[in-house]
Amino acid sequence: MAFEYLPIMAQNSAPKAPRVLVKPSKTAWCPVNKPANESRVALLSSAALRLTNQEPFIPREDLSYRRVPSDPNAGAIVIDHHSGIGRVPKQDPEIVFPRSALANLAQRGVIGGLSPFHFSFMGGLRQHREIENELAAAVAKELLDGQVDLALLVPY
């Protein structure tokens with residue numbers, strides 16, 4: 001049920017060649033080994049988010065990612081994603097990047113703590129092999145280096 005979003009978006013996207021839904025060649029899921037209240041948590045967003053002082057996501061098939069500080073007071077967020085569904089989130093990025101809510105959960109002890117950085121990249125890309133072998137691998141390394149126990153993907 002949770003993945004019904006993908007076929008719907010593929011059918012309703014702007015007039016382009018139909019999207020090809022691809023199965024990853026490697027297992028992408030890991031078991032959760034700690035309870036949430038002992039886990040360091042990071043957000044992953046496909047909304048092409050960045051701080052105002054970071055490089056924009058250009059071109060439309062940008063395979064880079066941005067490290068966004070987990071501190072909600074670190075600066076204003078900009079959404080560079082080209083999707084037409086982003087008008088309201090562009091006014092309030094917390095809708096698609098709830099770093100204040102996650103920081104609140106950490107303060108209340110619901111989660112163990114925050115990764116120093118959250119990560120954002122451009123969603124809707126069609127370069128599947130590069131996403132899996134380059135982008136995902138780079139973000140996974142960042143998560144390992146940051147000793148992140150749990151990464152929450154917020155699709156855009």
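Can you pull out every residue in the stretch 96-122 that is among the aliphatic types (A, V, I, L, M) and closer than 19 Å to residue 37 by Cβ?
101, 102, 103, 105, 106, 110, 111, 114
This table checks each residue for (1) open to solvent by 40 Å² or more (accessible area, probe 1.4 Å); (2) in contact (Cβ under 8 Å) with a residue 60 or more places away in the chain; (3) outside any loop (DSSP other than H, G, I, E, B).
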position: 120; (1), (2), (3): no, yes, yes
position: 126; (1), (2), (3): yes, yes, no
position: 129; (1), (2), (3): yes, no, yes
position: 133; (1), (2), (3): yes, no, yes
position: 137; (1), (2), (3): yes, no, yes
position: 141; (1), (2), (3): yes, no, yes
position: 144; (1), (2), (3): yes, no, yes
position: 152; (1), (2), (3): yes, yes, yes
position: 156; (1), (2), (3): no, yes, no
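Being assigned to a helix (DSSP H, G or I) and either without any contact (Cβ under 8 Å) to a residue 40 or more places away in the chain or within 17 Å of residue 153 (Cβ to Cβ) (or both) is the filter here, so list the residues in the stretch 36-84 that pass it. Break it down into steps so the answer makes sense when it comes.
Narrowing the stretch 36-84 to residues assigned to a helix (DSSP H, G or I): 36-38, 72-74, 84.
Once the filter is applied, which keeps residues that are assigned to a helix (DSSP H, G or I) and either without any contact (Cβ under 8 Å) to a residue 40 or more places away in the chain or within 17 Å of residue 153 (Cβ to Cβ) (or both), the stretch 36-84 yields 36, 72, 73, 74.
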Would you pick out the residues in the stretch 39-75 that are open to solvent by less than 10 Å² (accessible area, probe 1.4 Å) and among the β-branched types (Val, Ile, Thr)?
41, 68
Looking only at the stretch 12-46, which residues are among the hydrophobic types (A, V, I, L, M, F, W, C) and at pLDDT below 90?
14, 17, 20, 21, 22, 28, 29, 30, 32
Name every residue in the stretch 50-71 that is hydrophobic (A, V, I, L, M, F, W, C) and farther than 24 Å from residue 132 by Cβ, in order of residue number.
51
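The values are calculated or read from the model by the stated rules, or taken from the named source; none is laboratory data. As the structure is a computational prediction, the values presented were derived from the model and not from experiment. Neighbour counts run over all protein chains shown; Cβ positions are idealised from the backbone, glycine included. Heads up: the accessible areas ignore ligands, DNA and RNA and are worked out on the full protein's heavy atoms, side chains in. Shrake-Rupley method; radii C 1.70, N 1.55, O 1.52, S 1.80 Å.
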